[in-house]
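Heads up, the thing below is written out as structure tokens.
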Amino acid sequence: RLSMLDTIRDYAAEALEQTASRAPCAARHAAYYSKVAATAAPNILRENQRDFVEFLFLEIGNIRAALEWLVTQPSAHGTAELVSSLKWFWISRGLFSEAQSWTDLALAQATRLSDSAALAAIADVSSWVRFMSGDAEGALKPACDSYDLYRELGDRPGQASAGIMAGLAKSVAGQIPEGPNHILESLELCRDLGDQHGASIALIALGEGLRGEGDEDEAEKCYQEALGMLDEITNTFWPGLLFQNIAHFRLHKGDWKAAAKLATDALSIGERYDYPMMVNLAVAAAAGVVLARDDAVGSARIVGAVEARLQRLGATFEPTDYADLQRIKNGALEKLGEPAFAAALREGSLMSWETTLAAARGCAPA
């Protein structure tokens with residue numbers, strides 16, 4: 001590795017630009033860092049993920065430089081490969097604004113070049129990034145485009161991934177039963193392909209649909225089946241998200257002690273593996289526990305802190321998670337009244353994040 005002052009680097013880059021070596025050098029650089037990202041990709045959500053994630057963050061400048069080069073090339077193939085490798089890195093780390101910027105550029109390139117295979121892959125990443133950042137409406141078109149293109153290409157793994165997201169986005173848009181049918185088709189495809197990660201996500205997607213319909217018992221059955229599969233592949237990302245989902249189910253049944261255990265378990269996983277959105281969701285679930293323990297002011301403060309944190313991330317919760325957050329806000333508002341509720345939200349938005357995390361960790365009984 002070579003470190004240098006920005007001014008020296010800029011001078012060297014400008015000098016290189018004037019030589020015939022620029023293009024082959026940039027191409028080799030992009031190929032190398034595409035391989036780095038592809039090697040890291042299968043490990044991003046596993047127990048050993050920290051080593052790979054830390055290395056990607058160390059090399060983030062080089063990865064961005066590779067993307068800058070690739071999106072200007074006459075082929076979108078390399079762009080699609082690198083964007084696909086970065087998909088879960090971007091999502092798990094909450095890098096939504098950056099991911100959307102790159103996928104927008106990549107989509108424009110693949111569309112301009114009429115590259116169906118690249119367009120299918122990039123649109124799939126774009127749809128997942130948008131949905132996981134809370135933009136279900138924005139995820140609909142790229143998800144459907146990706147699904148249709150993968151079907152035309154006969155790419156079954158691609159069709160399975162795109163089908164899950166197309167199904168989720170269509171379900172949120174009220175396209176029933178088309179949305180759930182897409183997810184069921186993807187579940188069968190993933191099982192046929194031996195893709196446990198894909199199958200577990202399809203089960204989670206089915207659970208989310210049932211959760212949105214208010215059938216929490218059936219949703220939890222899907223989640224529990226998914227948790228068993230995720231444990232087999234040592235996945236560290238989805239279990240915490242499911243724990244906080246189930247925490248809300250327990251809250252709805254009046255069992256705040258069980259909810260507290262699940263919320264703090266989810267928070268522990270999110271902190272251990274540095275998953276920002278998981279941490280936010282777990283803290284929001286803890287706000288529900290605090291409300292159930294009759295501390296409406298404390299609950300509203302935690303919610304205010306979470307909302308401020310999400311604003312800085314440039315994201316919001318997915319529809320079902322957002323609905324539960326709104327339920328907690330409404331409960332606190334009902335207990336406090338508008339002036340006191342607004343004041344508590346404002347106080348929370350100004351709290352340090354460490355204070356918020358301490359409050360969330362302390363929601364469980366001693």
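The values are calculated or read from the model by the stated rules, or taken from the named source; none is laboratory data. These numbers were taken from a predicted model, which means no experiment stands behind them. Quick reminder, even Gly has a Cβ in these numbers, built from the backbone with ideal geometry, and neighbours come from all protein chains shown. All accessible areas refer to the heavy atoms of the entire protein, side chains included, with ligands and DNA or RNA removed. Shrake-Rupley method; radii C 1.70, N 1.55, O 1.52, S 1.80 Å.
Of the residues examined, Leu67 is one that is on the phi < 0 side of the Ramachandran plot and either modelled with pLDDT of 95 or more or loosely packed, with under 13 Cβ neighbours inside 10 Å (or both). Can you report the number of residues in segment 161-184 which are in a helix (DSSP H, G or I) and open to solvent by 60 Å² or more (accessible area, probe 1.4 Å)? Result for segment 161-184: 4.
Restricting segment 112-158 to residues that are assigned to a helix (DSSP H, G or I), polar (S, T, N, Q) and open to solvent by less than 30 Å² (accessible area, probe 1.4 Å), which is farthest from Arg309 (Cα to Cα)? So, considering only residues that are assigned to a helix (DSSP H, G or I), polar (S, T, N, Q) and open to solvent by less than 30 Å² (accessible area, probe 1.4 Å), the one farthest from Arg309 (Cα to Cα) is Ser146. If you go through segment 81-111 and pick out every residue that is in contact with a helix residue (DSSP H, G or I) (Cβ under 9 Å, 6 or more places away or on another chain), outside any loop (DSSP other than H, G, I, E, B) and open to solvent by 10 Å² or more (accessible area, probe 1.4 Å), you end up with 13. If you go through segment 318-347 one residue at a time, how many are open to solvent by 40 Å² or more (accessible area, probe 1.4 Å), farther than 16 Å from Ala360 by Cβ and at pLDDT 95 or above? Final tally of qualifying residues: 13.
Of Glu17, Glu47, all but one fail to be in contact with a strand residue (DSSP E or B) (Cβ under 9 Å, 6 or more places away or on another chain), surrounded by 10 or more Cβ atoms within 10 Å (Cβ to Cβ) and at pLDDT below 90; the exception is Glu47. Selection of segment 64-91 for residues being over 16 Å from Ala38 (Cα atoms) and either among the polar types (S, T, N, Q) or within 15 Å of the chain's Cα centre (by Cα) (or both) yields Thr72, Gln73, Ser75. Please indicate, with yes or no, whether at least one residue in segment 190-208 is closer than 19 Å to Ala247 by Cβ, of a type outside the set (Val, Ile, Thr) and open to solvent by 10 Å² or more (accessible area, probe 1.4 Å). Yes, because at least one residue in segment 190-208 is closer than 19 Å to Ala247 by Cβ, of a type outside the set (Val, Ile, Thr) and open to solvent by 10 Å² or more (accessible area, probe 1.4 Å).
A quick yes/no check of all residues on (1) within 30 Å of Arg309 (Cβ to Cβ); (2) among the aromatic types (Phe, Trp, Tyr):
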position	(1), (2)
Glu17	no, no
Tyr33	no, yes
Glu54	yes, no
Ile63	yes, no
Thr72	no, no
Trp90	yes, yes
Ser97	yes, no
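In the condition set (1) more than 24 Å from Asp215 (Cβ to Cβ); (2) part of a loop (DSSP other than H, G, I, E, B); (3) not hydrophobic (A, V, I, L, M, F, W, C), Ser268 is compliant with all but (2). The criterion of being assigned to a helix (DSSP H, G or I), within 19 Å of the chain's Cα centre (by Cα) and without any contact (Cβ under 8 Å) to a residue 24 or more places away in the chain holds for Phe52.
Residue pairs whose Cβ atoms lie under 8 Å apart, sitting 6 or more positions apart in sequence or on different chains, and linking a residue in segment 302-319 that is without any contact (Cβ under 8 Å) to a residue 24 or more places away in the chain and closer than 12 Å to Met277 by Cβ to a partner that is of a type in the set (Val, Ile, Thr) and surrounded by fewer than 17 Cβ atoms within 10 Å (Cβ to Cβ), do not occur here.
Do we have Ala287 as open to solvent by less than 50 Å² (accessible area, probe 1.4 Å), touching a helix residue (DSSP H, G or I) at 6+ places or on another chain (Cβ under 6 Å) and either farther than 27 Å from Phe52 by Cα or acidic (Asp, Glu) (or both) here? Explain how you work it out, then say what you get.
Values: open to solvent by less than 50 Å² (accessible area, probe 1.4 Å): yes; touching a helix residue (DSSP H, G or I) at 6+ places or on another chain (Cβ under 6 Å): yes; either farther than 27 Å from Phe52 by Cα or acidic (Asp, Glu) (or both): yes.
Judged against the criteria, Ala287 is a match.
Of all residues in segment 232-265, those being touching a helix residue (DSSP H, G or I) at 6+ places or on another chain (Cβ under 6 Å) and not in a helix (DSSP H, G or I) number 3. Every condition in (1) more than 26 Å from Trp238 (Cα to Cα); (2) within 34 Å of the chain's Cα centre (by Cα); (3) open to solvent by 50 Å² or more (accessible area, probe 1.4 Å) is met by Thr7 except one, and the failing one is (2).
Here Ser200 fits the description: without any contact (Cβ under 8 Å) to a residue 40 or more places away in the chain and under 18 Å from the mean Cα position of the chain (by Cα). One residue stands out in segment 209-242 among those that are among the aliphatic types (A, V, I, L, M) and within 19 Å of Gly270 (Cα to Cα): the one that is surrounded by the fewest Cβ atoms within 10 Å (Cβ to Cβ), namely Ile233.
Annotation note: of Ala12, Ala40, the sole residue that is without any contact (Cβ under 8 Å) to a residue 40 or more places away in the chain, among the small types (Gly, Ala, Ser), open to solvent by less than 50 Å² (accessible area, probe 1.4 Å) and part of a helix (DSSP H, G or I) is Ala12. For Ala315, the conditions (1) outside any loop (DSSP other than H, G, I, E, B); (2) crowded, with 20+ Cβ neighbours inside 10 Å are fulfilled apart from (1).
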